[in-house]
Amino acid sequence: MIVVLEDDDSVASFDDLAGKTTAQSLTSNWYELAQSHGANVEPVEGWAQAVTLLQQGRVDATINDKLTFLDDETTNAPTGLKIAAETPRPVAPPSSSRRTSRPWSPRSMRRSPSSAPTAPSLRSARSTSGTTCRSDRRRRGRRHLAARPGLVLALLLAGLKGTIPLSLSSFAVGLVIALVVALMRISVNPVLSGIARFYISVIRGTPLLVQLFVIFFGLPAIGVLIDPWPAAIIAFSLNVGGYAAEVIRAAILSVPKGQWEAGFTVGMSRTKTLERIILPQAARVSIPPLSNTFISLVKDSSLASLIMVTELFRQAQIIAARTYEFMVIYLEAALIYWLFCLVLSAGQGAIERRLERYVAH
């Protein structure tokens, strides 16, 4: 059956799903049923998540068995939903069309010896069957090998179009947050310092996945509905801000106090001294730990697959559900993540070498 919002009259049959967005479990029959009728399928973990996305207006419908809907309606009483269409019940064939067969017995074999296969024919059948199976396996193997470059390319493009932009955007916003929080943390104002301490404590004391779910699934409960991509950026940026703030604070405190005094001596204000003397020196010290934070963010971006963001890991899930090659697909995704991290590590080394040129030895 198709479940939609109570006020949605645009779906009256399975054919009406064409162009609509449904929420389905990747490995379910309902996923294939929705796709076969032209729907855009958003993968979810199960019925509860599908209903939540539907009630929040993030998808147009979901397909499931009627028993699940009725049981959930009795247990949790979901409001605002209705059944838009159902598949017809299977009809049993008429009794007259049913064929009966007599049980086999040696007597029946004696009566009709021509019906019993001879030993050569059995060997021939086995040989033909074995040859056919081997031929099918070879054909499937050739198809998989032919499709392999396309699957790897799809994963790579998902990483380049989804994972990397998401990570870069979140890290850039997170650095701004981290700098502000770090300056608040070292402020002599107890109110600013207390707010910064509380923020860092919350971010470091709660899992990133929980933060992501609170923003995407929790905020709609109070009327704040955020699209998947912005929700992921907000969650990752806040998380980066909490961890990177301590890195920046430590880097600032590592600069000798004499540098502050030198700035004051030549007539600079505290702000100018921080901007022109302290932060440039702190930046060089903070490059290694901040690079590590960014590399961790690239890997943590896979969590965005749970809130409808199409990135590398989500694409891997979709391909694996279609091909059933879970081991191979996930290994290929892991290799692509590793490749990204190797490139980022090389970039980190280049930046460190460049900054070392300005250090007196």
Next item on the list: Collect residues whose amide H, placed 1.01 Å from N in the peptide plane, falls under 5 Å from the amide H of residue 21; neighbours closer than 5 in sequence don't count.
Entry: 40, 60, 61
Check: Using a simple charge model, +1 on the beta-carbon of Lys and Arg, -1 on the beta-carbon of Asp and Glu, nothing else, what dipole does the stretch 149-356 show about its Cα centre, in debye to the nearest 20?
Finding: 540
Next item on the list: Search the structure for amide H atoms under 5 Å from the amide H of residue 44, placed 1.01 Å from N in the peptide plane, and list their residues when 5 or more places away or on another chain.
Entry: 24, 25, 26
Check: So what are the ³J(HN,Hα) numbers for the stretch 341-347, from phi and the Karplus equation (6.51, -1.76, 1.60; θ = phi - 60°), rounded to whole Hz, Gly and Pro as x?
Finding: 5, 5, 5, 5, 5, 5, x
Next item on the list: May I have the pair-distance distribution P(r) for the stretch 2-85, computed from all Cα-Cα distances with 5 Å bins from 0 and rounded to whole percent?
Entry: 3, 17, 30, 28, 17, 4, 0
Note to self: Placing +1 on the Cβ of each Lys and Arg and -1 on the Cβ of each Asp and Glu in the stretch 246-320, which of 254, 316, 297 has its Cα farthest towards the positive end of the resulting dipole?
What the structure shows: 254
Checklist line | ³J(HN,Hα) computed for each position of the stretch 275-286 - Karplus, 6.51 cos²θ - 1.76 cosθ + 1.60, integer Hz, glycine/proline x | finding: 6, 9, 10, 6, 4, x, 6, 5, 4, 5, 6, 8
Item checked: For residue 84, residues with placed amide H under 5 Å, excluding near neighbours -> 2, 3, 4
Note to self: How would 42, 275 line up from fewest to most surrounding beta-carbon atoms within 10 angstrom?
What the structure shows: 275, 42
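The numbers here are math on the coordinates, done by the rules we state, and not lab data. Just so it is clear, the structure is predicted and the values come from calculations on it, not from any experiment. Backbone-built Cβ (ideal geometry, glycine too); neighbour counts: all protein chains shown.
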